[in-house]
Amino acid sequence: MKPETPLEESIPALDEIRKAGKTKYIGLSECSAATLLAKIDAIQAEYSAFETLHETDGLIDTARELNVAYVAYSPLGHGWLVDNFPYKTPDDFAPDDFRRKSMSQVPPFGGVLCQPNTHIQHTHLLTSSTQVPNSKAKTSTKRAIVDEIKKLAARKGCAISQIALAWVAAQGFIAIPGTTKAGRLEENWASREIELTEEEKLEMRRIIDAAKPHGNRYGPAHQAMVGH
Ligand SMILES: NC(=O)c1ccc[n+]([C@@H]2O[C@H](COP(=O)([O-])OP(=O)(O)OC[C@H]3O[C@@H](n4cnc5c(N)ncnc54)[C@H](OP(=O)(O)O)[C@@H]3O)[C@@H](O)[C@H]2O)c1
């Protein structure tokens, strides 16, 4: 979607193309619930154990109500929900890697994106099945989510990334992880074989809710483009 073209123009135009039989499906990327003006077949929006924003802004509810397929982009949290996240500071990202600028400016992680247990305040932090005895405010980051998922992955004998992808699939979504490496492509594909039990899904929900990031998803420039 282009900000300069009103959706009231572009979506009916796409609908005309479909009605004329020139295309079968319409998919939208980074839309909001209010954008679903015609029958849209699929939407692509961010979703991962790190980013569940669209569970509360109406997009997922609307997609389910209208039977629109939800294609979850960045299901590995932009590469963080993996066994060996290789970046120690934002400067470790390649100069042309958008994470170097954009992610390092995101308020909850700015400048300390890669450091463990330093930034987000929580009123409570749950472990895999129990509440931490002391309910005093805890400090953690996305790293806390990774550390907890790691325990679940160890029990199931698979990679953290595979749990992250299996969990997105368990929500009924189509995960599209990105990789430049054939071995990882195979590993990610194999996540389709991993079934999470109801108890494991509850465990994931506890982990995610306890360490949910707050604030914008991107730095100012990207945030202005997505608008939500
Ligand atoms: N519609 C939109 O606005 C939008 C926005 C962003 C992304 N997307 C799409 O969503 C897809 C994925 O998003 P994304 O690439 O941003 O994020 P992602 O899938 O959450 O993470 C990709 C990162 O994870 C690493 N990775 C992948 N599999 C791994 C594994 N098994 N173990 C360890 N590391 C692994 C990759 O590094 P290596 O390459 O080194 O393996 C890459 O740095 C892409 O197709 C992209 O085009 C769409």
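What follows draws every value from the coordinates through simple rules; no lab data is involved. Model, not experiment: these values are computed from the prediction. Reconstructed Cβ throughout: ideal geometry from the backbone, glycine too, with neighbour counts over all protein chains shown.
So the values come out like this:
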{"read-out": "Fully extended contour minus Cα-Cα distance, from Thr180 to Arg205, at 0.36 nm per residue", "value": "6.1 nm"}
{"read-out": "Rounded to whole Å, sorted largest first: equivalent-ellipsoid semi-axes of the range 1-86, Cα gyration tensor", "value": "28, 14, 12"}
{"read-out": "Highest to lowest packing among 74-83, 151-160, scored as the average C-beta count within 10 Å", "value": "74-83, 151-160"}
{"read-out": "Extension gain (nm, one decimal) between Glu195 and Arg64, 0.36 nm per residue minus Cα-Cα", "value": "45.0 nm"}
{"read-out": "Neighbour-count ranking [beta-carbon atoms within 10 angstrom, fewest first] of Tyr70, Tyr25", "value": "Tyr25, Tyr70"}
{"read-out": "DSSP-loop trypsin sites (Lys or Arg not before Pro) across the range 1-41, with at most 15 other Cβ within 10 angstrom", "value": "Lys22, Lys24, Lys39"}
{"read-out": "Linear extension gain, Phe85 paired with Ala13, 0.36 nm per residue minus alpha-carbon span", "value": "21.6 nm"}
{"read-out": "Efficiency of FRET between Glu30 and Ala170 - r from beta-carbon atoms, R0 30 angstrom, step 0.05", "value": "0.85"}
{"read-out": "Proxy reagent accessibility, fewest Cβ within 10 Å first, across Arg143, Arg64", "value": "Arg64, Arg143"}
